[in-house]
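Peer 1: Below is a structure I'd like to ask you about.
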Amino acid sequence: MGGVTRRPELAGRARERTQLQAALQEVLNGSGRLILIAGEPGIGKTRTAEELAREARERGANVAWGRCWGEAGAPDLWPWMQVIRTCLRAVDEDTLRQLVGPHGSELTALVALTGSDAPATVSPASRFRLFNAIAHFLDAYSLRVPLVIILEDLHRADPSSLLLLQFFTQEQRQRRILLIGTYREPNAPPNRALTQAVIEAMRESGSERITLGSLSENESESMLRSLLDEEVPPELLRTLHWRTGGNPLFLAECARLLPDRDERGTRLWKSAADLPIPAELREVLEQRLEPLSGEHRAVLVRAAVCDGHFHARDLVTATDPTGDEQSQVKAALAEAETLGLLRSGGTPGSFRFAQEMMREWLSGEAPATLTPPPSPVDTTVALEGKAVRPPAPTIFRREGEYWTIAFRGQTSRIKDAKGLAYVSFLLRQPHVEVHVSELVNLGAGPADPVDDRTGIELGTLRFGLGDSGVVLDAQAKAAYRTRLEELRGELFEAETFHDTGRAERTRAEIDFLTQELVSATGLGGRDRRVGSDTERARVNITRAIVRALARIDESDPELGRHLRRTIKTGIFCMYTPDASVETNWEL
């Protein structure tokens, strides 16, 4: 069917492959690692893991896969059982006895514990013995040959499997095991157990997370050329990339609909705009829309009839005396942006669909009477018969030794500090996870100059972090406690209005901050000090950002609250704009 001639080579992902290869090398050298690969459906999580598995086998490691089953009937620890079975098949009986050692009874009990007659609950002591037995067996196996474990679709995993993942990462540096986990992000529906497992796993030394994004147009061209074994006409490439949003699965399925070569070996190209949505992709589109309520989906249907970009105000009818419809539109757009269905349109309040194909799918639900809103003819906005100017600009810009910061009409001038530079860097790339190593290694030069664009003193950030001192100083702990109080209020509000998505995100942040405070204190209430390079970088950068936000809070409390709510710190830092707040940062 169609013009696909072979399976494509892995397109793009150069940075991600480098990270995975470095992790594999560490494991071959005797130090274990955990890599979690996240992304939307079809983005290439499994394909990326397969490429690593191929390289691992070529370098002498064994690979064991475990795939989670999201439907009813799957036993607890199902992905781990698949991994163990793979390892068992690779050894003879004498070797098996040596690997099992004193834990034979626990491993034998694994079948009983996860079978159809398994008890509803397992005591913590029994569970610990079982987890310890599994870890001992896999450790012993990896001493014979390095082991790569790949757990797929962790968003479908049972709680016991996620708990074992946390248990396994606690001593991972002492193992010759590379553990890879893939999961869908955003989750549909939200999986709090997975969120907690990821937070806990990322705290361990040797843990890293990779979020796969869309392919660029050049990367899409490379993938299609590999699929079709010939060059793709530029116009066809541009249209395919636009319709699919650079999603590899969507690109591959569309390529299958392209015509085959004729008897003379010539391919009669057809317009990509004329290709229907492949049947295989309709289910994927529906899976991505699944978390939306009927009301929020209806808002996106109204947005889908707009041509390209649209503004939130275009989706509100002329008569909305109570403002309820406007609130619903804002909530729907915020949720859709969180789910990756929408992206910022580049101006305050404007949006576009991340995939044109998603817009096409939703527009098919629109009644014939639903028409696009008229295009604006002026920069003013007419509301209730009054001319309203666009909102004041939002500015976060370094000017010499000071930063000019403007938000909702209030302008502040703040003395330069590294934390402000980190915030500026995150604001430049919303929705992009930035590893602390990227912040530490921003720019370089023998003279260690100051980067005029970001204001970061390059020499102080490269590798000489020095002694980071305590994990959290008094100022940082006070800021964390203040934020916790705010979050508890937000959680109460979210639960009161049954906003499950917001409540889930708020609980995850509460759990994270609480754990940060707990881990910063040792016996007798003494402050703990930090250890590894990555942990030192995380602590230094988190501390700098917390202090910067505290200084912003002194000048502009509203902006301080906004940034604390939208900037995530940790080993990965990220700025996630709030769709209900119009921002178009001038940096």
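Peer 1: Counting only residues that are out of contact with any Phe, Trp or Tyr (no Cβ under 8 Å at 6 or more places or on another chain) and at pLDDT 85 or above, which one in the stretch 63-75 is surrounded by the fewest Cβ atoms within 10 Å (Cβ to Cβ)?
Peer 2: As a first pass, look at the stretch 63-75 and keep what is out of contact with any Phe, Trp or Tyr (no Cβ under 8 Å at 6 or more places or on another chain): 63-65, 67, 70-75.
Filter once more, keeping what is at pLDDT 85 or above: 63-65, 67.
Values: V63: 21, A64: 23, W65: 18, R67: 15.
Ranking the qualifying residues of the stretch 63-75, first place goes to R67.
Peer 1: Within the stretch 460-471, is even one residue modelled with pLDDT of 50 or more, among the aliphatic types (A, V, I, L, M) and farther than 26 Å from E586 by Cα? Before you say what the answer is, go through the steps one by one.
Peer 2: Step one: list which residues in the stretch 460-471 are modelled with pLDDT of 50 or more, which gives 469-471.
Next, from what is left, pick out any that are among the aliphatic types (A, V, I, L, M): 470-471.
Adding the requirement that they be farther than 26 Å from E586 by Cα leaves 470-471.
Among the residues of the stretch 460-471, at least one is modelled with pLDDT of 50 or more, among the aliphatic types (A, V, I, L, M) and farther than 26 Å from E586 by Cα, which makes the answer yes.
Peer 1: Related question: Kindly indicate which of D94, D76 is part of a helix (DSSP H, G or I) and of a type in the set (D, E, K, R).
Peer 2: Numbers: D76 fails: part of a helix (DSSP H, G or I).
Exactly one of D94, D76 is part of a helix (DSSP H, G or I) and of a type in the set (D, E, K, R), namely D94.
Residues are listed down the side, and each one gets a yes or a no for (1) surrounded by fewer than 20 Cβ atoms within 10 Å (Cβ to Cβ); (2) at pLDDT below 85:
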| site | (1), (2) |
| --- | --- |
| E185 | no, yes |
| P189 | yes, yes |
| A197 | no, no |
| G206 | no, no |
| L224 | no, no |
| E230 | yes, yes |
| N247 | no, no |
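Residue by residue, here is whether (1) over 18 Å from A22 (Cβ atoms); (2) at pLDDT 90 or above; (3) over 27 Å from the mean Cα position of the chain (by Cα); (4) not assigned by TED's automatic domain parsing to the domain that holds R184 holds:
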{"residue": "L52", "(1), (2), (3), (4)": "no, yes, no, no"}
{"residue": "E58", "(1), (2), (3), (4)": "no, yes, yes, no"}
{"residue": "A61", "(1), (2), (3), (4)": "no, yes, yes, no"}
{"residue": "L88", "(1), (2), (3), (4)": "yes, no, yes, no"}
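Peer 1: Would you check if there is a residue in the stretch 321-337 being surrounded by fewer than 21 Cβ atoms within 10 Å (Cβ to Cβ), under 25 Å from the mean Cα position of the chain (by Cα), at pLDDT below 80 and assigned to a loop (DSSP other than H, G, I, E, B)?
Peer 2: Looking for residues that are surrounded by fewer than 21 Cβ atoms within 10 Å (Cβ to Cβ), under 25 Å from the mean Cα position of the chain (by Cα), at pLDDT below 80 and assigned to a loop (DSSP other than H, G, I, E, B), one finds none in the stretch 321-337, hence no.
The values are calculated or read from the model by the stated rules, or taken from the named source; none is laboratory data. In this text, all values refer to a predicted model and were calculated from it rather than measured experimentally. Neighbour counts are summed over all protein chains in view; Cβ atoms, including those assigned to glycine, are modelled from backbone coordinates with ideal geometry.
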